[in-house]
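The values are calculated or read from the model by the stated rules, or taken from the named source; none is laboratory data. Just so you know, these numbers come straight off a predicted model, no measurement behind them. Using ideal geometry, Cβ is built from the backbone for each residue, glycine included, and neighbour counts are taken over all protein chains shown.
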Amino acid sequence: MTHPVRTLTAGALFIAIVAAAVVFSGLVRFDFAVSDNDSDGDVDVRVQARQTDTGGFEVRAQSRAADGEWLTHTPDARFLPPGPEPGQWYSSSSVAVSVPAATPDVSDEAAYTKSFVEQAIDYYEHHGLDATLAYYNSPESIDGQWYMFIFDENDVLIANRNPDLVGNTAAEASGPDGYPVGHMVVAVASADGAWVDYQFNNPALGRVQVKHSWVVRHDGLIFGSGWYEDGPSRVHAPGAFTQSYVDRALELYRALGREATFEYYNSQQSIDGQWYLFVHHVDGTRLVNGARADRPGWLGSNLHGTGVDVTGYDYTADTLAIDPSGWISYVFPNPDAELQYQRKHSWLVRQGDLLFGSGWYDRNYDLAEQDPASYARALVQDAIDRYDADGREAVIEHHNSPESVDGEWYVSIYELDGTRLAHPYLPLGENLLDGGPDVTGRHFREEFIAIEDRGWVSYVFLNPDSGEQEQKHTWVVRHNGLLFTAGWYEAGAYVAPDS
């Protein structure tokens with residue numbers, strides 16, 4: 001709100017200053033008023049001050065145009081010393097009267113939030129810290145969804161709507177999934193004020209929403225308040241939710257820096273269902289992955305040569321080409337669905353020399369049904385990942401258990417000489433080469449052993465799920481002295497050609 005600047009006459013200045021001195025001295029305990037008009041008669045300006053019955057004082061500024069109507073610019077204006085803080089002012093060379101703008105309507109949430117914080121700072125200036133804390137820790141200070149939170153100079157929360165939070169440090173003030181809200185607020189707060197967005201519980205509704213807070217650092221304290229709104233739906237708008245998840249990570253990165261951001265998003269607590277953050281350097285180095293940070297060798301590895309999904313799609317080039325932001329899709333294990341391989345849609349944003357990303361999974365995408373060859377490769381890759389993470393004995397034990405079987409799908413593991421180590425149906429310890437050819441006379445077992453790196457072997461074999469001889473295609477990968485295999489059957493029993 002902009003107000004014109006009026007120049008008071010010398011007489012008006014003298015009377016105003018005297019009035020202010022009398023009021024501030026506390027010597028007079030009755031109502032009084034002083035005023036003066038300027039000499040040219042076009043605009044009258046008067047400053048009025050009065051002592052109240054309770055011992056306080058009121059000061060106001062009024063102006064009158066040629067039509068004779070007096071306009072009161074504020075009912076609670078106050079005398080201030082020369083050189084006041086920036087704001088909206090009536091001023092002269094020796095006295096200034098502040099004229100605060102009218103309180104914005106609540107429909108303008110951002111403006112109303114700023115005004116709410118400014119009022120709290122004004123309250124602190126007039127009544128001191130103790131009175132401010134008494135008021136803003138009381139229910140009377142709550143205005144719908146707006147309430148004040150105040151941190152002291154040691155970053156301890158000293159005012160909040162929730163008394164259970166008062167006394168917590170900024171480090172203890174966290175949102176869902178341990179998101180460091182307190183650290184964010186302390187980091188961004190400035191004398192000019194700053195916005196910070198995060199997820200937080202709305203006490204008025206009893207559920208988590210996105211909160212937009214305006215925080216101001218003043219006199220060693222941090223004053224803040226905010227308004228809430230529902231974020232994108234995980235179910236109905238997974239793409240928009242993914243973008244908001246990445247935005248929160250970027251906000252944390254800008255506020256707290258690389259080390260704090262990487263530490264948080266490489267932790268399990270940062271995972272929100274199927275959403276987790278990954279960060280790549282633009283050269284392809286993996287730096288952050290909340291779902292795989294505990295996998296040996298994953299962080300620090302490079303997309304080049306390894307950024308290939310189980311369908312054979314190399315998403316490395318498409319990933320590193322993102323600038324400034326964009327979507328890519330590929331097949332990847334979903335940590336929120338027992339690491340089932342599903343179609344993943346990832347949103348990436350370039351920030352300097354880093355790429356921040358997260359994604360959502362299409363749970364209706366059935367890899368086994370739509371691309372059985374890729375599903376066989378996925379099962380083998382999962383077994384290899386389990387081997388790398390948990391070791392030889394753990395992976396062998398798992399793939400000898402009924403829990404590892406998914407209908408006709410299972411993984412078998414062999415020594416390089418063909419000794420069977422894991423198979424849900426066949427005897428262990430036997431050698432693969434001891435068996436004969438398939439019903440077509442093909443010596444597929446020797447082909448298994450001959451695989452140098454990875455490849456397919458096709459033959460006719462008994463499908464344990466149907467009890468029929470069917471065409472089977474097996475994916476074989478040699479890894480750390482073992483052979484990992486999984487295969488799929490073509491629908492329909494094998495029919496031998498007429499002899």
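Restricting to region 405-428, and then to whatever is among the small types (Gly, Ala, Ser) and outside any strand (DSSP E or B), can you tell me which residue is nearest to the chain's Cα centre (by Cα)? It would help to see each step written out before you state the result.
Kept after step one, since they are among the small types (Gly, Ala, Ser), are these residues of region 405-428: 407, 412, 418, 422.
Okay, now just the ones that are also outside any strand (DSSP E or B), so 407, 418.
Values: GLY407: 39, GLY418: 50 Å.
For region 405-428, the residue satisfying everything is GLY407.
With the structure loaded, tell me whether TYR459 is in a strand (DSSP E or B), at pLDDT below 95 and hydroxyl-bearing (Ser, Thr, Tyr) or whether it fails that test. Walk me through it before giving the result.
Working: in a strand (DSSP E or B): yes; at pLDDT below 95: yes; hydroxyl-bearing (Ser, Thr, Tyr): yes.
Answer is yes for this residue.
Among the residues of region 312-331, how many are surrounded by 18 or more Cβ atoms within 10 Å (Cβ to Cβ) and under 17 Å from ALA373 (Cβ atoms)?
Summing the residues that are surrounded by 18 or more Cβ atoms within 10 Å (Cβ to Cβ) and under 17 Å from ALA373 (Cβ atoms) in region 312-331 gives 2.
Listed residues GLN199, GLN274; which is in contact (Cβ under 8 Å) with a residue 24 or more places away in the chain and in the same structural domain as PHE332 (by TED's automatic domain parsing)? First the steps, then the outcome.
Numbers: GLN199 fails: in the same structural domain as PHE332 (by TED's automatic domain parsing).
So the residue among GLN199, GLN274 that is in contact (Cβ under 8 Å) with a residue 24 or more places away in the chain and in the same structural domain as PHE332 (by TED's automatic domain parsing) is GLN274.
Yes/no per residue for (1) of a type outside the set (Ser, Thr, Tyr); (2) surrounded by fewer than 18 Cβ atoms within 10 Å (Cβ to Cβ):
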residue: TYR341; (1), (2): no, no
residue: VAL349; (1), (2): yes, no
residue: ASP353; (1), (2): yes, yes
residue: ALA368; (1), (2): yes, no
residue: ASP390; (1), (2): yes, yes
residue: HIS399; (1), (2): yes, no
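Cβ-Cβ distance below 8 Å, separation of 6 or more or different chains: which pairs start in region 133-148 with a residue that is assigned to a helix (DSSP H, G or I) and end on one that is of a type outside the set (Val, Ile, Thr) and exposed (fewer than 13 other Cβ atoms within 10 Å of the Cβ)?
TYR135/HIS127
Could you tell me which numbered condition HIS212 fails, if it satisfies all but one of (1) surrounded by 14 or more Cβ atoms within 10 Å (Cβ to Cβ); (2) touching a residue at least 60 places away in the same chain (Cβ under 8 Å); (3) assigned by TED's automatic domain parsing to the domain that holds ALA173; (4) more than 16 Å from TYR179 (Cα to Cα)?
(4)
Exactly one condition in (1) under 21 Å from GLN340 (Cβ atoms); (2) buried (at least 18 other Cβ atoms within 10 Å of the Cβ) is not met by LEU482; state its number.
Failing condition for LEU482: (1).
In region 285-307, what residues are surrounded by fewer than 15 Cβ atoms within 10 Å (Cβ to Cβ) and over 22 Å from GLU263 (Cβ atoms)?
Passing the criteria: HIS304, GLY305, THR306.
Look at region 105-132 and say how many of its residues are closer than 21 Å to ASP197 by Cα and outside any helix (DSSP H, G or I).
3
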